[in-house]
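Heads up: the structure comes next, in structure tokens.
What follows is calculated from the coordinates using simple rules that are stated; it is not laboratory data. A quick note: this is a predicted structure, and the numbers were derived from the prediction, not measured. Methodologically, a virtual Cβ is constructed for each residue, glycine included, from the backbone with ideal geometry; neighbour enumeration extends over all protein chains shown.
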Amino acid sequence: MIYQIEIAETGERFAAQADESLLQAASNAGVALPHDCQLGGCGTCRVKVIRGAHEYEEFPFGLSQEEADAGYALACQARARSDMLIGAAQAGADVSAPTVVQARVIDVSVLGPDVRRLAVALPESLELKFNPGQYMNVLLENGERRSFSMASAAGAQALDFHIKRVPGGRFTDGGLSALRAGDALDVELPLGIFRFHAEDYRPLVMVATGTGLAPVKAILESLMDDPDCPPVSLYWGARTQADLYLHDEIQQWGARLYEFQYVPVLSRPHEGWSGRRGYVQHAVCEDFADLSEHAVYLCGSPAMIDDARHRFLQRGASIDHLYTDSFTFQHEAETQSLHQERETS
């Protein structure tokens, strides 16, 4: 069977075979749908099924049952079983199309244990427009890609990235340490749909683990000194105090953000730690009995995001105002074709 799929926002149409995913069918037809891991884990390709039927060979990890019940599906795993009308997430208006450019390394420096800051300069001729929260791909010589979220607000030609070393990683444990100021680096950007949704008009609860802080930092920097900045609660989870690599800087953000609350949470604290202990999503649940009026942003490990999503929905969080950016990683020995070498605590 062949089914006709229409995207509500753009009116684009494509045909889908019964044995191919919606993402595969769209790609074959030259229709762009946001995606990342293509394994059903990251949730980037989430679409709203407005009309029609679909099914999965196996229910994807990156989609909660609550989201499925509300009509959401993951395009990389869903297979059409009728003609469909879907709503696809967009990167937002006035954003540059992804392009491959040669950046120049400004600096590689230490941020914390196993975390490095990579600063790159883009070509001066490049007029890049991106949303804080988006990411770039580093293109390796063997054709593979590694994805890293931009930790910088839009408008700068120099971009920062927080990169965690993955043991055995081709780039994070190899190529990154060999980079020097002035080196060329082929990159593709901007990519992804994780961004601030100003149209929500809701207080923000932002939850990150490890280097999942990077896109959250970019978003919050874009809101600094903005008179329309909503109240912000930032919960950052890490293993130890040493892993809170921007702890001192974050404590200064309150002077430039509206009603800013910062809560660091450690899962493996030393005896002298006087702050919150445990898992970061649990701390949020301890502080918020009702999340129905908030916009929630989750960025970091898939395990945290999956657990947080379930717990927060039970506390009234709106599925339509819950945004995720799930970090996965690729080890050289792995055979799965994951696109990201991003990992968090």
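In table form, for the structure just shown:
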item	result
Kirkwood-type radius of the chain, with distances r between different C-alpha atoms, in Å	20.8 Å
Additional length obtainable on full extension of the chain from residue 70 to residue 252, 0.36 nm per residue less Cα span	61.6 nm
Positive minus negative residues near residue 92 (Lys, Arg vs Asp, Glu; Cβ under 15 Å)	-3
Residue order, fewest to most beta carbons within 10 Å, for 324, 172, 10	10, 324, 172
Residues residue 1 and residue 180, FRET efficiency given R0 of 51 Å [Cβ-Cβ distance, rounded to 0.05]	0.35
Cross-link reach list, lysines versus residue 217, counting only Cα pairs under 19 Å and skipping chain neighbours closer than eight places	129, 164
Sorted by Cβ density within 10 Å, fewest first, the residues 299, 37, 285	285, 37, 299
The chain: most fluctuating residue of 50, 106, 86 per GNM, C-alpha cutoff 10 Å	50
Distance in nm between pseudo-label sites at residue 85 and residue 10 (7 Å out along the Cβ direction from Cα)	1.9 nm
Charge tally in the Cβ shell below 11 Å around residue 53, where Lys, Arg are +1 and Asp, Glu are -1, residue 53 excluded	+1
Equivalent ellipsoid semi-axes - Cα gyration tensor, region 4-105, angstrom	24, 16, 13
Spin-label pair residue 188/residue 56, simplified geometry with 7 Å Cα→Cβ offset, distance in nm	2.5 nm
Environment charge at residue 40 (Cβ cut-off 15 Å; Lys +1, Arg +1, Asp -1, Glu -1)	-4
Size of charge dipole - the chain - debye, nearest 20, with Cβ of Lys, Arg +1 and Asp, Glu -1, no other charges	460 debye
Spin-label proximity, residue 307 to region 170-212 - amide N less than 17 Å from point 7 Å beyond Cα toward beta carbon	207-212
